[in-house]
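What follows is a short report on a single structure.
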Amino acid sequence: MEKIYSKEQKQCDLVQAKPETVQFLLNFSKSLEITEVNGIQFESNLN
Amino acid sequence: MPITKDYFFKIGRITHKTSLFKKRTLSLTKKVIVMEVQIEDPILITRYIAGDERALEALIDRHNQRISSFIYSKVNDRGITEDIFQDTFIKVIRTLKRGAYNEEGKFLPWVMRIAHNLIIDHFRKNRRMPMYQGSDSFNIFSVMGDDKLNIESQIIKDQIDTDLTFLIDELPADQREVLIMRIYKDMSFKEISENTGVSINTALGRMRYALINLRKVISENDIILTN
């Protein structure tokens, strides 16, 4: 019987976000400040 | 201290002790590293909310590959994957900092859900505004144009407009009045006749003379008023 299976199986691509993206997120997190006044939350980005 | 057998013996013992100390510290460090790895997500989240930024780094590093691969498996583009990954974590950071994170669910499934929603948003946005990429044989910009003038033509047009204003100022008052009303104020000859108190025919005649005079001045002075 003919072999109809392909030898190579579809490989799952493993991707990782670039270090710059991670660094950006960490900097964003550091700069983000949430202030709450009278129950209303304000976001401020201290760059 | 004189260098004797005893001296070498002592040095040997010290070195031995130092190496023992080194070994112990090394094993301790290893233990600490192992402990670091084993810190669970909820503890890291609590630490992050308390202000420890390193906890977020640990969280991102831990889940980076899984989340990125998940996004990539859907969008199949590295750049878009980076964008969605970034937007996902921006949402995560905002929610955590606002104290709106619900401890009941697990962290990773929650982040995956955010990423999933952003992927759907991305496809929706793309369907509304599909992106056309030109190829060598066909470029969309060859059939599609921007009706705005480029900066050079705009400057020339402004120059012509200014020149024309000077020429119009040179016209006799009655002709100038009709021309301004017709061209700049976009009034009909009926409205012009009502406003100036002359008949429609007079207004038409003044407009005609205004144009004739303008043309005459332009040709006499060799003024070029074309773009």
Checklist entry - List the pairs whose first member sits in the range B:110-130 and is in the same structural domain as B:Arg78 (by TED's automatic domain parsing), whose second member is hydroxyl-bearing (Ser, Thr, Tyr) and part of a helix (DSSP H, G or I), and whose Cβ atoms are under 6 Å apart, counting only residues at least 6 apart or on separate chains? => result B:Ile114/B:Thr88; B:Ala115/B:Thr88; B:Leu118/B:Thr88
Item to check | the range A:19-47: number of residues that are more than 16 Å from B:Glu53 (Cα to Cα), at pLDDT below 90 and within 13 Å of another protein chain (Cβ to nearest Cβ) | outcome: 8
Item to check | Filter result for the condition that a residue is farther than 26 Å from B:Val75 by Cβ and touching a residue at least 12 places away in the same chain (Cβ under 8 Å), over B:Ile156, B:Ile183 | outcome: B:Ile156
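Based on what the data block shows, is B:Thr29 modelled with pLDDT of 90 or more and either assigned to a helix (DSSP H, G or I) or under 30 Å from A:Phe42 (Cβ atoms) (or both)?
On the way: modelled with pLDDT of 90 or more: no; either assigned to a helix (DSSP H, G or I) or under 30 Å from A:Phe42 (Cβ atoms) (or both): yes.
For B:Thr29, the condition - modelled with pLDDT of 90 or more and either assigned to a helix (DSSP H, G or I) or under 30 Å from A:Phe42 (Cβ atoms) (or both) - is not met.
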Checklist outcome for this item: The one condition B:Ile140 fails out of (1) modelled with pLDDT under 90; (2) within 20 Å of A:Gln23 (Cα to Cα); (3) hydrophobic (A, V, I, L, M, F, W, C) is (2)
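Results for (1) of a type in the set (A, V, I, L, M, F, W, C); (2) within 14 Å of chain A (Cβ to nearest Cβ); (3) open to solvent by 60 Å² or more (accessible area, probe 1.4 Å), shown as yes or no for each residue.
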residue: B:Gly79; (1), (2), (3): no, yes, no
residue: B:Thr95; (1), (2), (3): no, yes, no
residue: B:Asn102; (1), (2), (3): no, no, yes
residue: B:Ile114; (1), (2), (3): yes, yes, no
residue: B:Met144; (1), (2), (3): yes, no, yes
residue: B:Glu170; (1), (2), (3): no, no, yes
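Has the range B:127-138 got at least one residue that is open to solvent by less than 90 Å² (accessible area, probe 1.4 Å) and under 19 Å from the mean Cα position of the chain (by Cα)? Give the derivation first.
First, the residues of the range B:127-138 that are open to solvent by less than 90 Å² (accessible area, probe 1.4 Å): B:130, B:134-135.
With the extra rule that they be under 19 Å from the mean Cα position of the chain (by Cα), the set shrinks to B:130.
Yes, the range B:127-138 contains a residue that is open to solvent by less than 90 Å² (accessible area, probe 1.4 Å) and under 19 Å from the mean Cα position of the chain (by Cα).
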Checklist entry - Of all residues in the range B:67-77, how many are crowded, with 16+ Cβ neighbours inside 10 Å and more than 7 Å from chain A (Cβ to nearest Cβ)? => result 5
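The values are calculated or read from the model by the stated rules, or taken from the named source; none is laboratory data. The structure presented is a predicted model; accordingly, all values stated were derived computationally and were not measured. For neighbour counting, all protein chains shown are included, and Cβ atoms are generated from backbone atoms with ideal geometry for every residue, glycine included. Quick note on the areas: whole protein, heavy atoms, side chains included, nothing else; ligands and nucleic acids left out. Shrake-Rupley method; radii C 1.70, N 1.55, O 1.52, S 1.80 Å.
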